[in-house]
Structures are given as structure tokens and as C-alpha cells.
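The block underneath contains the structure these notes are about, expressed in C-alpha cells.
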């Protein structure tokens, strides 16, 4: 028998086997969520949810992704019943109301969630979006400014995995992207400001005089990129 053969035989079998990490039910559910297998995620979370507010909140998010707002809200409310200060679940109830166009109720929930998580950029973002839906652009800007202070990348993130939902749907995307452009310009993020100005124009924003008058765009108006955007014709919707 060769020396190599002897050495191989002397290695314990357990050492040869690759150890596989053991996933918890929550991690299994998160994996299903990442793969957009929401019903499998619900079953996995629910089997081990018990009195875990986090797990019930994640069940709600899975239902939310499936478009079943009633089931989602029921799960979120159960999470809040288990933990009355659970900001994520309170926020997520707000996103249900937002989806139903109950903007006052959504704002109420977001403000309540911020009492327990005042440093949450995503909740401030949701609050701003709800104010936008009500046409309160100054209040939207205040909430969005706070969100950007807490997380400069808050509006560029998108994930279906986690415990907190973010509102992304708005009715007038052209006006919405114009307002985002103003916000980014006011914080010196000129590249993003130009990006959202282009989106606004491509989506039909017709009030070009606002671009020439808004104080937030003072510095941008001297750039070639801004001048090029002014030559774009708004898309006919």
C-alpha cells in the first residue's frame, strides 16, 4: 500500500465530510423571500412563528408581496399585539393604508412608528411619500431631507427581504421625480439631481419654467448636462 493511500485512510471520515450550515426556520424563510417564493416563505415562517413579532411581521411582508393586503395587515397587527413598540410592523401597517390610498391613516402610522424608531431613514421616506400623495410637497421635502440625512442612499435601495416595507408607488411619477431632483440638488448630489430631472422630463413633466426658476437648480443651470436636458421634449402621455 502506498504512503499516500495510508495517509488518506488515516483521515477521520468526519473530517472528510463537508459540514453544511444548519439554517433556522427564519433563515429558510428569508431564503424563500430572496427567491420570491412567498407562499413557501409564509409556510416556513408560520411553522415556527410562535410569539415572535419579527416572524409575524415577515409573514405580513410575504403576504404583502403576494398582493393580499388584508392577510398582510392581519399579520402586521398580530406582530404589534406581541410587541406594541415594534416600529417595523407599525410602519408596515402604514404601507397597507398607503396602498389603499388611505393617506391620512398611513401618515398616522408612520408618525407612530417614528416615535419608536426616530432614526429610521426608510420610515421617514415613507412619511415623505405619503405627504407627496396628499400634495403636501413642503412636508414631503422635510421628511425626505431627514431620510437622506440618515441614509444618503435610501431612495436607491430596493429589497424584498427584511422586516420593513418601503412605499415606491406614486401616481404622478413625473412630478415625483422632479421633487426628488430638487431634493438631491439642494444637498449637492448633482449627478442624482440630473438623473431624476431626466426621468421627470421623459415621464412627461412639462413645467420647464420651474427648472429655470427653482433656486435648488441654480448651480446646475450652468452645466452642459442641464442645458442638454432643457432641449428634451417632454414625452406625450
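What's the whole-number percent of alpha carbon pairs in region 25-156 lying beyond 24 angstrom?
Numbers: 2665 of 8646 pairs.
Here the tail beyond 24 Å accounts for 31 percent of pairs.
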How compact and how long is region 173-229, expressed as Rg and Dmax of its alpha-carbon atoms in Å? 9.7, 26
What nm value, rounded to one decimal, do you get for the distance between residue 66 and residue 26 when each label is placed 7 Å out toward the C-beta? 2.2
Here, residue 48 and residue 139, labelled 7 Å along Cα→Cβ, have an inter-label distance in nm of 4.2
So how do 29-39, 124-134, 221-231 stack up, highest first, on mean other-Cβ count within 10 Å? 124-134, 29-39, 221-231
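Coordinate-derived values only; no laboratory data. Bear in mind the structure is a predicted one, so any value in this text is a computation, not a measurement. Counting neighbours? That spans all protein chains shown, and the Cβs are built from the backbone with ideal geometry, glycine included.
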